[in-house]
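Okay, so here's the structure we're looking at.
The values are calculated or read from the model by the stated rules, or taken from the named source; none is laboratory data. What you see is a predicted model, and the numbers here were worked out from it, not measured in a lab. Heads up, the Cβs are rebuilt from the backbone with ideal geometry, glycines too, and the neighbour counts pull from every protein chain shown. For accessibility, only protein heavy atoms count, side chains too; no ligands or nucleic acids. Shrake-Rupley method; radii C 1.70, N 1.55, O 1.52, S 1.80 Å.
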Amino acid sequence: DAGITQSPRYKITETGRQVTLMCHQTWSHSYMFWYRQDLGHGLRLIYYSAAADITDKGEVPDGYVVSRSKTENFPLTLESATRSQTSVYFCASSDSRDNTEAFFGQGTRLTVV
Amino acid sequence: GNSVTQMEGPVTLSEEAFLTINCTYTATGYPSLFWYVQYPGEGLQLLLKATKADDKGSNKGFEATYRKETTSFHLEKGSVQVSDSAVYFCALRDDKIIFGKGTRLHILP
């Protein structure tokens, strides 16, 4: 199916475990983004990527790792999950910068216990 | 750096009321501006956009005008419906997309 998909949709993990959230887009968009959404904070950018093998930190990168070996995939890894990383995570992609909008996945609800 | 400020919610209105959600931005240059909408349990979807000063974006009865003089991009709708209940995000685009904190809108029948 065309579009942007995130997996899993829901995840419960324990403190200290490593967990990877997947994001896949079928449009060959150059830009991809990871945001977390928390009540009272809106959407905060974790990492973004302008092209394969290029990644940049956003507003809240600590505790997260990303990679972009292929244009269509942009996985987000929590190296050692903490309770403060309980959140809803959204992946998005965009064709280019400037005046183009981003398309969002359905989100992954992550709970760290 | 660039930033977006939008009015805090929640906003509660009766059906057919007039809606305004304020959004102002701080930016170098003239970035594209967007309004996104998020329905419960879903990701964000584009509602409208404007790419240069004085442009008006519109969609589904919603409108917003890119005002360079006041650095604003306020969202308006003349007559809201219950189905408009959602969270609305103002955003600007430079190399990344910067969002406001969102405004929850609740429409009463």
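Computed values, structure above
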{"read-out": "Residue count for segment A:25-54, restricted to those that are of a type in the set (Lys, Arg) and either free of Cβ contacts under 8 Å to residues at least 40 places away in the same chain or within 11 Å of chain B (Cβ to nearest Cβ) (or both)", "value": "1"}
{"read-out": "Considering residues of segment B:60-109 that are among the β-branched types (Val, Ile, Thr) and away from chain A (no Cβ under 14 Å) only, the residue nearest to residue A:94 (Cα to Cα)", "value": "B:65"}
{"read-out": "Tally, over segment A:55-113, of residues that are open to solvent by 30 Å² or more (accessible area, probe 1.4 Å) and either away from every other protein chain (no Cβ under 14 Å) or in a strand (DSSP E or B) (or both)", "value": "22"}
{"read-out": "Some residue of segment B:18-37 being in contact with a Pro (Cβ under 7 Å, 6 or more places away or on another chain), more than 18 Å from residue B:70 (Cβ to Cβ) and not hydrophobic (A, V, I, L, M, F, W, C)", "value": "no"}
{"read-out": "Residue match in segment B:31-43 (condition: more than 14 Å from chain A (Cβ to nearest Cβ) and of a type in the set (Val, Ile, Thr))", "value": "no"}
{"read-out": "Exclusive hit being open to solvent by 70 Å² or more (accessible area, probe 1.4 Å) and within 17 Å of residue A:83 (Cβ to Cβ), set A:9, A:17", "value": "A:17"}
